[in-house]
Structures are given as C-alpha cells and as structure tokens.
C-alpha cells in the first residue's frame, strides 16, 4: 500500500500531524508513506523514521502533480490541509481520498458569539478521525520530532550557539521562554517577557527569530544575569534541541509550544487572541493554560492578527505573570533533567 499525506504548512501544524504519520506507518503493515509539504518545512520531517520520502511543493500545481505522478500511483491520498492548493493537487491524483474536515465555521461562530461552539476535540484527534476508515487508531504517544545526528544530546553539547557553549548553557536546569508567534496578538509583549524572567529567578533562555530580537531591543527590554537572549542566534532545529533539553517551556500559542510537546516537556501556555478550545493546546504533555477568562472580547480571531481590534491588548497585559512564573518554577523544581 502506498500513501500520500498532504500538509503544506506551517511549523506547528506539521508537528501536529506526526501522531497520524506514526500510526498510519506502523498500523498499516508494509505501507510506503510519502509526505508532501512546502520546501521550508522539509527539515521537520527529514529525520522522521515513519516517513519514507518527503516531497516538496513545486513552483506550480502542474509541476507538483507531475512529480507526484512519477512517485505514485498512490492507493490513498490523505489531505490534512484541505485548502485551495491541496484540493487542486488531490483532485488531479488517482487514489482514494481521505480529507480532514476543518472546524472553521465553528471557530467563526465562537468568535462572533463568544460562546464555545467547538467540538472539544484536539486537532490531533480530528486528524486521526480522517484515517478511521483505514482502521488506524491513535496510539496516544503524542507528537514527535527526530533531530539530525549533529543535534543529538551528546553532539549538541560540544557545539556553540550565539557564541555561547551549549555545555555551559546546559550546566543547570533551565526554562525556555518563547518570544515569538506568527501573529502579533499571540505574542507575549517584550515588557512582560522581562517581568516574567525577573519573577522566575531561574536560568532562562529566550528563543525566537531576528524579528523577536528586534522587538525586544526596540522596546528597551532589559534582563538580569539569569537570562540568555538567543533570539535570532539559533536555527529552527537548534531551538528545538534547546527546548528538548529544557526543564519547562513558557510559550504563547506558537510552534515553540508544539516543539515542547514533541519532546514531552512541560508547557506553561500563555494565550492571547486565540483560545485552547480551538484545538491547538499542548498535546499529550504536562501543561497549564494561562488566559484572561474575564475578557468579553476573546477570542477575537482564528489565528491571531497584527493588532488588537480594540486597541488595548488586555488578553496579554492583564495576564497574571506571577502565577505564570510560579507555574514555570514548579515544573522546573520537579524536573529530572
């Protein structure tokens, strides 16, 4: 049996497909499994033992379909993206189609009415429902991410990031604070990141990209000696390796939260414009969801936006940062790393 899974982006969504990938590969004996994604997502699956081949989107739909025809034919096409591009691709391929059904209407109604109208199922469990006709069931082992050999724990310790020895960084248990998210209304504001780090009083690594570093610098955020700012200093997979070795991860609704879940690290999730009821909470790992439940304006969007619609951004500004710091320190004190 030959199976093609389609999920084109983004980072967190790719990680959230990994339970389904594992279960399909391991429960359909003899299955050859290919995964189609965007070129930028390739590294997330390149070392996954359950993926026989990672295929990447071409410059056009026609080019992509031609490439897939050369790799096929496929017995099953499992479309976990179900957007206009994936629909055009699957329509031109032979094989039985299994299609992930999104809950966008439920999300929209939840946003408009401020009543929880979601199904209460995590997106991983909704993905798994897509392959029920194949007799595949969830093994409940959670997300996974296989890193390249160079980032294995022993090899990684001998390297440096941002001019700092990894061995030095790992000399004591530490927390990671994720500074970024794709959309502004899901990000923790720089001033609150500084407050959180000062309240935690434990070793903290700040992770994010160059844009996150610029935001911290522009806001004049200052940090104590317990903080190492690695924003913009690490590759995506180096950040993942640092999360793998962390005692706890504090993150907004972002890919970093799902990296933590992939390594079964405890998560303190800080929710802004979005809500865990949308189905994207940290999956199958210890976690605490922190949100301002009293706001009448939440949730205000499906995936976040570039500014608070009402201008106050109270979903972040009114978070209980002492509670968040205390939760992170508790996980760190319980860590066996």
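The values are calculated or read from the model by the stated rules, or taken from the named source; none is laboratory data. Please read these numbers as outputs of a predicted model, since none were measured by experiment. Don't worry about glycine lacking a Cβ; one is built from the backbone with ideal geometry, like all the others, and counts go over all protein chains shown.
Before we move on, is residue 218 surrounded by fewer than 24 Cβ atoms within 10 Å (Cβ to Cβ) and modelled with pLDDT of 95 or more?
On the way: surrounded by fewer than 24 Cβ atoms within 10 Å (Cβ to Cβ): yes; modelled with pLDDT of 95 or more: yes.
Spelling it out, residue 218 is indeed surrounded by fewer than 24 Cβ atoms within 10 Å (Cβ to Cβ) and modelled with pLDDT of 95 or more.
May I ask you to verify whether residue 284 is under 30 Å from residue 247 (Cα atoms), in the same structural domain as residue 246 (by TED's automatic domain parsing), outside any loop (DSSP other than H, G, I, E, B) and in contact (Cβ under 8 Å) with a residue 40 or more places away in the chain? First the steps, then the outcome.
Values: under 30 Å from residue 247 (Cα atoms): yes; in the same structural domain as residue 246 (by TED's automatic domain parsing): yes; outside any loop (DSSP other than H, G, I, E, B): no; in contact (Cβ under 8 Å) with a residue 40 or more places away in the chain: yes.
For residue 284, the condition - under 30 Å from residue 247 (Cα atoms), in the same structural domain as residue 246 (by TED's automatic domain parsing), outside any loop (DSSP other than H, G, I, E, B) and in contact (Cβ under 8 Å) with a residue 40 or more places away in the chain - is not met.
Among the residues of the range 186-196, is there at least one that is assigned by TED's automatic domain parsing to the domain that holds residue 306, modelled with pLDDT of 95 or more and more than 23 Å from residue 298 (Cα to Cα)?
Initial filter on the range 186-196 (assigned by TED's automatic domain parsing to the domain that holds residue 306): 186-196.
Among the residues that remain, those that are also modelled with pLDDT of 95 or more are: 186-196.
After this cut, where a residue has to be more than 23 Å from residue 298 (Cα to Cα) as well, the list is 194-195.
Checked the range 186-196: at least one residue is assigned by TED's automatic domain parsing to the domain that holds residue 306, modelled with pLDDT of 95 or more and more than 23 Å from residue 298 (Cα to Cα).
Does the range 31-39 contain any residue that is over 29 Å from residue 239 (Cβ atoms) and either part of a helix (DSSP H, G or I) or outside the structural domain of residue 127 (by TED's automatic domain parsing) (or both)?
If we filter the range 31-39 for residues that are over 29 Å from residue 239 (Cβ atoms), which is where we start, we get 31-32.
Cutting the leftovers down to either part of a helix (DSSP H, G or I) or outside the structural domain of residue 127 (by TED's automatic domain parsing) (or both) gives us none.
No, the range 31-39 has no match at all.
Among the residues of the range 327-337, how many are part of a helix (DSSP H, G or I) and surrounded by fewer than 15 Cβ atoms within 10 Å (Cβ to Cβ)? Steps first, answer last, please.
Of the residues in the range 327-337, the ones part of a helix (DSSP H, G or I) are 327-334.
Adding the requirement that they be surrounded by fewer than 15 Cβ atoms within 10 Å (Cβ to Cβ) leaves 330, 333-334.
Selection size over the range 327-337: 3.
Residue check: is residue 131 touching a strand residue (DSSP E or B) at 6+ places or on another chain (Cβ under 8 Å), surrounded by 12 or more Cβ atoms within 10 Å (Cβ to Cβ) and in contact (Cβ under 8 Å) with a residue 60 or more places away in the chain?
Working: touching a strand residue (DSSP E or B) at 6+ places or on another chain (Cβ under 8 Å): yes; surrounded by 12 or more Cβ atoms within 10 Å (Cβ to Cβ): yes; in contact (Cβ under 8 Å) with a residue 60 or more places away in the chain: yes.
Spelling it out, residue 131 is indeed touching a strand residue (DSSP E or B) at 6+ places or on another chain (Cβ under 8 Å), surrounded by 12 or more Cβ atoms within 10 Å (Cβ to Cβ) and in contact (Cβ under 8 Å) with a residue 60 or more places away in the chain.
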